[in-house]
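Scroll down for the structure; my scribbles are underneath it.
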Amino acid sequence: MNGKKLSITRIADIAAAALVNGAAAHASLPRPEPSASACFDKIKSFAGDWYQKDAKTGKDVLALRYRVVSGGSAVEESIFPGAAHEMVSVYHMDGPNLAMMHYCSLGNQPYMKASASSTPDRVVFDCVSVGNSKSPNDMHMNRAVFVPKDSKHLTTEWGSITSGKPGMTAKFAVHRKDAK
């Protein structure tokens with residue numbers, strides 16, 4: 001009987017130690033910075049279709065589409081949705097950081113993190129690495145800046161790097177369909 005009590009007590013001790021260690025391990029996981037979480041919430045608020053004026057026709061054309069996906073843990077952005085040169089970016093928390101992977105029509109995948117100075121009023125992403133690229137000097141997007149004017153107007157600006165030097169930029173001044 002003593003052997004059984006000892007083993008039950010020992011099992012209880014092991015279980016208690018596991019719970020304490022598990023809680024300590026969970027507590028040590030990186031927590032999102034408040035500003036990074038607020039910036040991610042702002043990007044989530046972009047969900048929907050965004051339009052810009054076509055320079056030639058003056059008509060609204062679909063430029064950006066945002067969808068909150070994966071149970072709210074990611075935001076998918078389509079740039080030029082449905083077009084042959086459509087590009088997709090996925091925004092998500094990576095530990096304490098707001099990050100994004102841009103699947104470019106160039107065939108590479110820049111991985112960017114939001115800068116520490118980012119706020120929900122101005123979210124700045126800088127390139128950390130580039131997948132599917134022979135050299136970090138190959139042309140790739142290396143910066144993205146999001147400036148929401150209000151809930152219906154947004155400006156995004158993308159910058160590239162070519163041969164290690166600043167390259168072209170692309171700017172979107174977009175609005176929701178019910179806003180001009």
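Taking H as built 1.01 Å from N, whose amide H comes closer than 5 Å to the amide H of Leu106, not counting residues under 5 places away?
Placed amide hydrogens put nothing under 5 Å from Leu106.
How big is D, in µm² s⁻¹, for region 128-180 by Stokes-Einstein at 10 °C and 1.306 mPa s if Rh is the Kirkwood radius over C-alpha pairs? Please report the intermediate quantities before stating the final value.
Details: Rh = 12.6 Å.
In µm²/s, the coefficient rounds to 126.
For Lys59, go through the aspartates and glutamates and keep the ones whose alpha-carbon is under 18 Å away, minus same-chain ones fewer than eight residues off.
Reachable aspartates and glutamates: Asp49, Asp178.
Search the structure for amide H atoms under 5 Å from the amide H of Thr162, placed 1.01 Å from N in the peptide plane, and list their residues when 5 or more places away or on another chain.
Long-range HN contacts for Thr162: Gly167.
Looking at this model, which pairs from Lys134/Lys171; Lys56/Lys149; Lys53/Lys149; Lys53/Lys165 are more than 20 angstrom apart at the alpha-carbon?
Values: Lys134/Lys171 27 Å; Lys56/Lys149 25 Å; Lys53/Lys149 17 Å; Lys53/Lys165 30 Å.
Too far apart for the 20 Å limit: Lys134/Lys171; Lys56/Lys149; Lys53/Lys165.
What does the net charge come to around Glu157 if you take all other residues with beta carbon closer than 15 Å to its beta carbon, with K and R at +1 and D and E at -1?
Once all neighbours under 15 Å are counted, the net charge is +1.
Compare the peptides 143-150, 165-172 by average per-residue count of other Cβ atoms within 10 angstrom and give them in order, highest first.
On the way: 143-150: 16.9, 165-172: 12.1.
The densest-packed peptide leads the list: 143-150, 165-172.
Quick note: the coordinates plus some simple rules give every number you see, no bench work behind them. Every value quoted in this text rests on a predicted model; they were computed, and no experiment measured them. With ideal geometry, Cβ positions are generated from the backbone for all residues, glycine too; neighbour counts draw on all protein chains shown.
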